[in-house]
Amino acid sequence: MKMKHSLRKITMLLAALSMMTNTYAVAPDFMEKLNSDERPAADRARDGVRRPYQVMNLAGVEEGMTVLDISSGGGWYARVLAAAIGPGGMIYAQDLGAGGRVPAEQIQDLTSMSNLQAVDNVSDVPTNSIDLAVFGLESHHRDDESGVAFFREIYNALKPGGRLVYTEYVGDPATDFRAMHRLPIEVGRRWALEAGFEIVEDSDILRTSADDHSLPIFSPVLGRNVDRFLFILEKPAM
C-alpha cells in the first residue's frame with residue numbers, strides 16, 4: 001500500500017513538472033497587464049471567449065520576441081502581445097486602425113509605444129524576422145487563391161521555426177459561410193498547409209457548442225458565443 005502511495009506521489013510530481021516545462025517565459029507582469037484598468041474595458045470584455053493567456057501559452061510566446069499582429073484593427077491582439085513580450089520585444093502591427101475606421105484616440109496607447117511599428121502590408125515586414133505572428137478572425141474575407149497567397153506572405157515573414165496563431169469563426173461548407181463572416185475549418189487548414197506550414201496544435205479551447213454555424217457572427221442571438229477554430233502553425237526549421 002505504501003509503495004502504491006509513493007508511486008502515485010511520484011506520478012503527480014512528474015505531471016506537475018511536465019506542466020511547468022510547457023509554460024513559456026512570458027513577461028512576469030503579463031497577467032497584471034491583462035487585468036489592468038489601463039487596458040480598454042472593451043478589450044477585457046472579450047477575454048472570456050478569446051482566452052488570451054491560454055492562447056499565448058499554447059503558442060509559446062516568450063518575453064523579448066519579435067511578433068506580428070496581422071489585421072490589427074483596434075489592437076486587441078497587439079495589446080495582448082505587448083503584455084506578453086514586454087518592453088524588450090518588438091511588435092509589428094499590420095493594418096493598425098483598420099485603414100482609418102478605428103478612431104486614432106482609441107489606439108493612441110499603441111501608436112505611442114516605442115517598440116511598436118505600424119505597417120500597411122505583411123510584405124513590408126523584413127523576411128525571416130518574426131518569431132510569432134497572430135492572424136485572427138479575418139481570413140474569411142479571402143477566396144482560395146488570395147487565401148493561400150496571404151498565408152505565404154506570413155510564412156515568408158516568419159523565421160524558420162517561427163509560429164502563427166491562426167483563429168477564425170467556424171463556417172459550415174453547406175451554407176453561404178462567407179456572407180456570415182465564417183470559414184470552414186477544412187478550408188483554413190488547406191490554405192495553411194498549401195502555404196508550407198505545419199500544424200503544431202489543433203486546439204478546441206475557443207470552441208463552443210452554443211453556435212451551430214447557421215447565423216451570421218454579428219447575430220444578437222449569439223452575442224459573443226461564436227464558435228472559433230484555433231491552429232498553432234509552424235514554419236519548418238531549416
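Bear in mind these aren't lab numbers, they're just calculated from the coordinates by the rules spelled out. These numbers were taken from a predicted model, which means no experiment stands behind them. Note that we place each Cβ from the backbone using ideal geometry, even for glycine, and neighbour counts take in every protein chain shown.
As a check on your grasp of the helix formula, calculate [θ] at 222 nm for the chain: sum -39500 (n - 2.57) over DSSP H runs of n ≥ 4, divide by the residue count, round to the nearest 500. Write down the numbers at each step before the final one.
Details: 9 runs with 80 residues, N = 238.
The helix-only estimate for the chain comes to -9500 deg cm²/dmol at 222 nm.
As a ratio to 2.2 N^0.38 Å, the alpha-carbon radius of gyration computed for the chain takes the value 1.08. Taking the number of Cβ atoms within 10 Å of each Cβ as an exposure proxy, the fewest-first ranking of Lys235, Lys33 is Lys33, Lys235.
Provide the percentage of antiparallel DSSP beta bridges, counting only those with both residues in the chain; round to the nearest 5.
On the way: 12 of 32 bridges.
About 40 percent, rounded to the nearest 5.
Set Lys and Arg Cβ to +1 and Asp and Glu Cβ to -1, take the dipole of the chain about its Cα centre, and tell me which of Ala84, Val170, His213 lies farthest positive. Selected residue: Ala84.
Would you mind putting 131-138, 34-41, 107-114 in packing order, based on average other-beta-carbon counts within 10 Å, highest first? Working shown, then result.
Values: 131-138: 23.0, 34-41: 11.9, 107-114: 14.0.
Per-residue Cβ counts within 10 Å, averaged per peptide and sorted highest first, yield 131-138, 107-114, 34-41.
Over region 25-234, what is the mean sequence separation of C-alpha contacts under 8 Å (at least six apart), divided by residue count, expressed as relative contact order in percent? Over region 25-234, the number comes to 18 percent. Fewest neighbouring Cβ atoms within 10 Å first, the residues Phe197, Phe218, Phe229 line up as Phe218, Phe229, Phe197.
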